[in-house]
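The values are calculated or read from the model by the stated rules, or taken from the named source; none is laboratory data. Small disclaimer: the values here were computed from a predicted structure and weren't measured. Glycine gets a Cβ as well: all are built from the backbone with ideal geometry, and neighbour counts include every protein chain shown. For the accessible areas, the whole protein counts, side chains as well, though only heavy atoms, and no ligand, DNA or RNA atoms are used. Shrake-Rupley method; radii C 1.70, N 1.55, O 1.52, S 1.80 Å.
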Amino acid sequence: MEISKNFDFKSAELKWYQHWMDNRHFESHPDGREPYTVVIPPPNVTGILHMGHCLNNTIQDILVRRARMMGKNACWVPGTDHASIATEAKVVQMLRERGIQKASLSRDEFLGYAWEWKEKYGGIILQQLKKLGCSLDWNRTSFTMDPDYYQSVIRVFNDLYQKGYIYRGKRMINWDPRAKTALSDEEVIFKEVQGKLYFLQYQLVDKEGNPIPLEQGGITIATVRPETILGDAAIAVNPTDERFSHLIGTYALVPLINRKIPIIGDDYVATDFGSGALKITPAHDMNDNQIGIKHGLAVYDILNEDGTLSADAILHVGKDRFEARKDIVEELKHAGHVVKIEEYVHQVGFSERTDVVVEPRLSLQWWVDMKKISGPALSAVNDGEVNFHPAKFKNLYRHWMENIKDWCISRQLWWGHRIPAWYDQEGRFVVAMDEAEAIAKFSSEHGINNPILKQDEDCLDTWFSSWLWPFEVFKGISNPGNKDVSYYYPTQTLVTAPEIIFFWVARMIMAGYEYMGQKPFGDVYFTGIVRDNLGRKMSKQLGNSPDLLNMIDEIGADAVRFGILIASPAGNDLLWDKASNEQGRNFINKLWNALKLIQLWKERAKDGLTPEEVTLSNDWPHRWFEARLRQVCTEVEQLMAQFKLSEALKTLYTLIWDDYCSWYLEWIKPGFEKPMDQQHLNRAIANFEILMERLHPFMPFVTEEIYNLLRDNQPTNLCVRQMDPGFVFNAADENILQEAALLKEAITAIRDARVKAQIKNKDAVSLFCTVKEKSLWTAIKELLCKQINARELTFTEEPVSDTIQLVLGADRFYIKTDQVLDTAAQRKELETELAYYQGFLNVVEKKLSNEKFVANAKQEVVDLERKKQADALAKIGLLQESLNNL
RNA sequence: GGAACAUUAGCUCAGUUGGUUUAGAGCAUUACUUUGACAGAGUAGGGGUCACUGGUUCGAGCCCAGUAUGUUCCACCA
């Protein structure tokens, strides 16, 4: 059968993915087998595939495919996340492009557009995962706003509220003035900003408001946000600060508006920063708020939700906060309050989603009391119920969980799960599953018939739905105890990015224990962050993120999978470079060429060759390779168990490239134009099949294609071939592996000697040797001669003159050739080697002559050194002898 | 400011409880080879005071202390 020159990945990818789908190989149903369940970290419904997804999903696919081939019932659940803020922002932008303002739409109209948009563009990313070869069970595709899922989120909210774990409270939150929504702490990114520190003097007044002359002590405060003085409620000083302590109990006037505020003492104030006196603005600073509560201060909320100044500010009402800052500085200068202005670098919080400066703001929001549900989740990770890979994330997790803060779950958005709380006109509220239930509840609680209630306008934080993902994809809440959730939950492995350990992983563990009574997954594998070859994070702004789909199109999915994985050390970020794709492509080419050779042999194969026709009369190379194969399979198994996927792939790469192609196929290769023995061929094919089997989870398309061609396109599926669990390394293999090491060493050394003596490959030589293990060398001498183009191998006890002499371990070889030998070069060669061993011997003997070493070291260590010494001495002896023979 | 982790060849990394030939791999690089699966190949070589300074030990890439650099997380003193 004609084989194409190269692997045609384009047609193979289409063909095999379709074939696997047609044969329903990715579908899973509960049965008697052990399940292996993985839920995909749901990408944003609006997302498109990038390098991070590529890494993450390649890893999941490897785990799932491998489990499928190891007799497990593998189930990988796909789906998408509604991603409230990100999606709403995209819809708003789409509307703006069409000339529609969100503010002009009703909630229902807006949601109509949003759903339309979601149906059209949502889920593109899932189609893209197919290109990568991901073996997801597409029948199970979930979306966090599917009707059942939506209901479950509402149910969980109701349940937590009833348990008293959810409350409504006015608290300082991070406010995004562009998105006009609250942000959780995790959604705020602090950046270093060059700003100015303004030193402002406040007039001191007595209790009645009469000015105290400045000579007796005005008070200077320092601030980076001068506009917030309009919200000042006090000035605080440290009670131990002698400069100011006498002022505690007196008053100051806020510049420009002349509000009388008290001067209070609080040891929170640092004496060595700024002026030593701190203005307190309870509505606009987290710490000031705490101090305000402590001292019972008034609250002046000077900002509107869009970041403009409110009526409470008195001045500059309606002006943007940054405009107001500029203007107020001018006014303060004018009025003589500015003492000095210093350049100042400080950290400012920015919104992760909109990148505007976040405003700490007092606001009425819904909260989850996390301490109530975090306990089991903390001990689960501490006690190894849930294992993190790499383990270093365990510390991070513990630290966060032990200092966990309440979770602000309301978001001022329309796209998402609407908060199931209903209010009457007086602001009294009930939490219920729906409006009817709300009305009933309200009536009975407040004794009002047919109350007029209005549902909360806000939505829940996206993560408040995705924390239910591992069980709600199996309808664990909407249909409790169903067959699927009982079978598949808890899932086995979660593969995700370390950035969302708190957003998502921790919360899933909490929800798992709270609602299923057990952990959501046994292992969490944290992938690294994909960076470019300069170490920069890949991002749209930098434009350093390659177009993944283009790449797959250009070089093939298998090469891309290989490329990203080989560059991905366990537990580290990976610096990805296009060159690693090329390594993948070269590897595929190597596989393809091995296939071509096998196919060529198939055409020339004959049964029952005469002994003269069979190149190898014994099966030594097969026995060796099969031992090596078992050894590597065991290694790979161990590496996979530790989630060292990259190393597992490297190990297979070496096995295939070096052991199978470079050694094994060469060893069984018949002479030029000689027929191939069918028995040999069969074993080579069987071994090739096992290689493809073990490689398949990593590179599914090319392996499936080769496997089918090896079987001459009989209907087979590598995809669901079952790995033999008994195919593991055993001690009996050790012997032949060592023999092979000797043989390889001899071949390499003799080839090297030939090259150095400039003996052409086609010129045959004669080989003589003095060896210890004569029986071994007798068995493999034919093999050796073929590899180095020697006419024959003759055993001898005496030195052979006019030859190239080699010392290999305790054995010695003589290469006889018709060519004139360059004795000087040979001498140099031997002398270099001699010098090395003498140096080595020195080190060993130095050790052995150290009495303390001999006295203190373990006996086996000393024995080993003695053996090294003996070996080195023997080697030196042989080398010197060779030199003398020259 | 606090903490965690890292620092081994040009690059990316192994190096398992301190002794396993005077430190390994892949990629890159250099020289040579080359017509029978594969130049997208083969063979060989070069390249490292294992960040630095001390310490423990008969013995340190590995353990301890400190220093430097980097990454990440936490906090955010106005």
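For the reader, a short list of remarks on this structure follows.
- Single residue of A:288, A:306 found to be crowded, with 22+ Cβ neighbours inside 10 Å and within 41 Å of the chain's Cα centre (by Cα): A:288
- Exclusive hit being polar (S, T, N, Q) and more than 16 Å from RNA strand B (Cβ to nearest atom), set A:403, A:450: A:450
- Of the residues A:427, A:476, the single one that is more than 29 Å from residue A:526 (Cβ to Cβ) and either open to solvent by less than 10 Å² (accessible area, probe 1.4 Å) or of a type outside the set (S, T, N, Q) (or both) is A:427.
- Long-range neighbours under 6 Å by Cβ, at least six apart or interchain, first residue farther than 28 Å from residue A:812 by Cα and free of Cβ contacts under 8 Å to residues at least 40 places away in the same chain within the range A:847-875, second near RNA strand B (Cβ under 7 Å from one of its atoms) and open to solvent by 60 Å² or more (accessible area, probe 1.4 Å): A:853/A:847
- Among residues of the range A:411-421, those that are open to solvent by less than 10 Å² (accessible area, probe 1.4 Å) and either touching a His at 6+ places or on another chain (Cβ under 8 Å) or assigned to a strand (DSSP E or B) (or both), counted: 4
- Scanning the range A:172-196 for residues that are within 13 Å of RNA strand B (Cβ to nearest atom) and either open to solvent by 50 Å² or more (accessible area, probe 1.4 Å) or among the acidic types (Asp, Glu) (or both) yields A:185, A:186, A:187, A:189, A:190, A:191, A:192, A:194, A:196.
- Among the residues examined, residue A:861 does not qualify as near RNA strand B (Cβ under 8 Å from one of its atoms) and either within 22 Å of residue A:752 (Cα to Cα) or in contact with a helix residue (DSSP H, G or I) (Cβ under 7 Å, 6 or more places away or on another chain) (or both).
- Residue A:843 vs. criteria in contact with a Phe, Trp or Tyr (Cβ under 9 Å, 6 or more places away or on another chain), of a type in the set (A, V, I, L, M, F, W, C) and near RNA strand B (Cβ under 7 Å from one of its atoms): no
- Screening the range A:641-721 for helices (runs of 4 or more DSSP H) wholly inside it with 1 or more residues that are of a type in the set (S, T, N, Q) returns the ranges A:645-654, A:678-695, A:700-710.
- Among the residues listed as A:30, A:35, A:43, the single one being surrounded by 15 or more Cβ atoms within 10 Å (Cβ to Cβ) and modelled with pLDDT under 95: A:43
- Looking at the range A:732-812, none of the strands (runs of 3 or more DSSP E) lying wholly inside it contains 3 or more residues that are among the β-branched types (Val, Ile, Thr).
- Among the residues listed as A:131, A:118, the single one being of a type outside the set (A, V, I, L, M, F, W, C) and either within 14 Å of residue A:80 (Cβ to Cβ) or free of Cβ contacts under 8 Å to residues at least 24 places away in the same chain (or both): A:118
- Of the residues making up the range A:846-858, just one is near RNA strand B (Cβ under 7 Å from one of its atoms) and among the small types (Gly, Ala, Ser), namely A:857.
- Boolean, residue A:71 is more than 16 Å from RNA strand B (Cβ to nearest atom), modelled with pLDDT under 95 and of a type in the set (Gly, Ala, Ser): no
- Hey, residue A:635 closer than 21 Å to residue A:733 by Cα and in contact (Cβ under 8 Å) with a residue 12 or more places away in the chain or not: yes
- Failed item in (1) in a loop (DSSP other than H, G, I, E, B); (2) closer than 30 Å to residue A:502 by Cα, with residue A:450 passing the rest: (2)
- Taking the range A:671-686 as the range and being at pLDDT 90 or above and either closer than 16 Å to residue A:593 by Cβ or open to solvent by 60 Å² or more (accessible area, probe 1.4 Å) (or both) as the test, the residues that pass are A:682, A:683, A:684, A:685.
- Condition check for residue A:764 on (1) open to solvent by less than 50 Å² (accessible area, probe 1.4 Å); (2) in contact (Cβ under 8 Å) with a residue 40 or more places away in the chain; (3) among the small types (Gly, Ala, Ser): one failure, at (2).
- Considering the conditions (1) within 11 Å of RNA strand B (Cβ to nearest atom); (2) touching a residue at least 24 places away in the same chain (Cβ under 8 Å); (3) out of contact with any Pro (no Cβ under 7 Å at 6 or more places or on another chain), residue A:286 is excluded by exactly one of them, (3).
- Residue count, the range A:650-670 (criterion: farther than 30 Å from residue A:135 by Cβ, open to solvent by less than 50 Å² (accessible area, probe 1.4 Å) and in contact (Cβ under 8 Å) with a residue 60 or more places away in the chain): 4
- Restricting attention to the range A:574-599, the residues being within 19 Å of residue A:667 (Cβ to Cβ) and within 6 Å of RNA strand B (Cβ to nearest atom) number 5.
- Scoring residue A:108 on the criteria (1) touching a Lys or Arg at 6+ places or on another chain (Cβ under 8 Å); (2) free of Cβ contacts under 8 Å to residues at least 12 places away in the same chain leaves a single failure, condition (1).
- Annotation for the range A:400-411: at least one member residue is of a type in the set (Phe, Trp, Tyr) and farther than 20 Å from residue A:182 by Cα.
- Among the residues of the range A:109-137, the one identified as assigned to a helix (DSSP H, G or I), open to solvent by less than 40 Å² (accessible area, probe 1.4 Å) and closer than 21 Å to residue A:478 by Cβ is A:118.
- Residue in the range A:626-634 that is open to solvent by 50 Å² or more (accessible area, probe 1.4 Å) and either within 9 Å of RNA strand B (Cβ to nearest atom) or of a type in the set (Val, Ile, Thr) (or both) present: no
- Residues satisfying the stated conditions in the range A:531-569, i.e. under 14 Å from the mean Cα position of the chain (by Cα), more than 10 Å from RNA strand B (Cβ to nearest atom) and open to solvent by 10 Å² or more (accessible area, probe 1.4 Å): A:538
- Exactly one residue out of A:163, A:131, A:180 is closer than 30 Å to residue A:12 by Cα and among the charged types (D, E, K, R): that is A:131.
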